[in-house]
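Colleague: Take this structure first; my questions come after.
The values are calculated or read from the model by the stated rules, or taken from the named source; none is laboratory data. Computed from a predicted structure; not experimentally measured. Backbone-built Cβ (ideal geometry, glycine too); neighbour counts: all protein chains shown. Side chains included, ligands, DNA and RNA excluded: accessible areas come from the protein's heavy atoms. Shrake-Rupley method; radii C 1.70, N 1.55, O 1.52, S 1.80 Å.
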Amino acid sequence: MKKALITGITGQDGSYLAELLLSKGYKVYGLKRRTATPNFENIKHLLDQIELVPGDLLDLSSLINAVKISEPDEVYNLAAQSFVGDSWAQSIYTGQATALGVANMLEAVRLVKPSARFYQASSSEMFGRVMETPQTEKTPFYPRSPYGVAKVYGHWITVNYRESYEMFTCSGILFNHESPRRGLEFVTRKITDAVAKIKLGLQHELRLGNLDAKRDWGFAGDYVKAMWLMLQQENPDDYVIATGETHTVKEFVEIAFQHVGLDWQNYVIQDEKFMRPAEVDLLLGSPRKAKDKLGWEPEVSFEQLVKTMVDHDLEKNRVIP
Ligand code: NAP
Ligand code: F7E
């Protein structure tokens, strides 16, 4: 039986990846940091099938211990301070967790089980002020936030461990991917949760920042399949994972409101508070290499994604007003 260690198992991607690996017969270990209140919402249905090990990306000895306990064949490093918006206010912490946390995890693997295959959650935010469109594995990075800068470090330290120690390390440059398990602070889930609450009479307006930003949005359940595929190849490599389509925040808003029969213009207010000090205006990824080498393709369309998220939030808010 193959064994996998997932950091960030309580997050959106960690929960979908755990489901995927369990369905493939893996023994799944998840790194779990201490929190004052439980945050098992995304994995509560999996708790009796996985094993949680305590640890934090900032604490190397806890990571060494986690690798010793799990003896993994595969390590998926999904943990990070992942919210771009907060990365200016918490730039030092973002660097510690999202950048140096990767080095800590790689060191733990190198010291305890260097033969384990390693996946790093890199991000399209590394492209930032994009140098070409669509963005590919060869597009130079130009990050626009402390988060993006930290991910560039995480990306290159992953490449460096591959080249320095011949470790099987892969980096997935994933474009935005969403789901009903997305955190409520990210724009997609903020919109679908608000649309549901407005429809149910529980909220009256939706305050947003930049409606013109363009993102290449896919479904998280599709994207974790690409992570797994990367670690099944003969050789380690880096891949862009994207849909190849881009949409504005405004388009997302329009479809979400339309889905419940409302006109977004009656509810959306633009608020300076949600504008960023530096914005990433346009992201559009080329999934060509992933398609050619991994045989990976996204299955859920943009419209399906928006509607599924709205439907989920309608259901959730009906039950828990
Ligand atoms: P997420 O929902 O925010 O989950 C982040 C996870 O990291 C949570 O389990 C969190 O634990 C854990 N974590 C945070 N700081 C930690 C620390 N110091 N030590 C241990 N665990 C820690 O993120 P996601 O959307 O699933 O994304 C997964 C990864 O992919 C992240 O690295 C993200 O930056 C990257 N990424 C995401 C996207 C996307 O569109 N979703 C795109 C590209 C790359 P708690 O539950 O305790 O907070
Ligand atoms: O913002 C704009 C905002 O916070 C998307 C993370 O998973 O994907 C994610 O980062 C866009 C930006 O995601 C609001 O300015 C407008 O242009 O949903 P987001 P993100 O910053 O793209 C990448 C690939 C990651 O790696 C990250 O971990 O929407 N926007 N109004 C807003 N954004 C938010 N959050 N809230 C608003 O009110």
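Colleague: So which helices (runs of 4 or more DSSP H) are wholly in region 207-321 and hold at least 2 residues that are over 20 Å from residue 177 (Cβ atoms) and modelled with pLDDT of 95 or more?
Modeller: On the way: elements: 220-231, 249-259, 302-319.
Filter on region 207-321 gives 249-259, 302-319.
Colleague: Only one of (1) surrounded by 21 or more Cβ atoms within 10 Å (Cβ to Cβ); (2) outside the structural domain of residue 39 (by TED's automatic domain parsing) fails for residue 223. Which number is that?
Modeller: Checking residue 223 against (1) surrounded by 21 or more Cβ atoms within 10 Å (Cβ to Cβ); (2) outside the structural domain of residue 39 (by TED's automatic domain parsing), the one that fails is (2).
Colleague: Taking residue 22, is it part of a helix (DSSP H, G or I), surrounded by fewer than 18 Cβ atoms within 10 Å (Cβ to Cβ) and not aromatic (Phe, Trp, Tyr)?
Modeller: Numbers: part of a helix (DSSP H, G or I): yes; surrounded by fewer than 18 Cβ atoms within 10 Å (Cβ to Cβ): yes; not aromatic (Phe, Trp, Tyr): yes.
Spelling it out, residue 22 is indeed part of a helix (DSSP H, G or I), surrounded by fewer than 18 Cβ atoms within 10 Å (Cβ to Cβ) and not aromatic (Phe, Trp, Tyr).
Colleague: If the requirement is being open to solvent by 70 Å² or more (accessible area, probe 1.4 Å) and at pLDDT 95 or above, which of these qualifies: 132, 125?
Modeller: Values: 125 fails: open to solvent by 70 Å² or more (accessible area, probe 1.4 Å).
Of 132, 125, the one residue that is open to solvent by 70 Å² or more (accessible area, probe 1.4 Å) and at pLDDT 95 or above is 132.
Colleague: Residues of region 135-190 being in a helix (DSSP H, G or I), open to solvent by less than 10 Å² (accessible area, probe 1.4 Å) and among the small types (Gly, Ala, Ser), which ones?
Modeller: Selection gives 148, 150, 154.
Colleague: Which ones in region 26-38 are touching a Gly at 6+ places or on another chain (Cβ under 9 Å) and either surrounded by fewer than 15 Cβ atoms within 10 Å (Cβ to Cβ) or under 21 Å from residue 224 (Cα atoms) (or both)?
Modeller: If the condition is that a residue be touching a Gly at 6+ places or on another chain (Cβ under 9 Å) and either surrounded by fewer than 15 Cβ atoms within 10 Å (Cβ to Cβ) or under 21 Å from residue 224 (Cα atoms) (or both), then 30, 31, 32 are the ones that fit.
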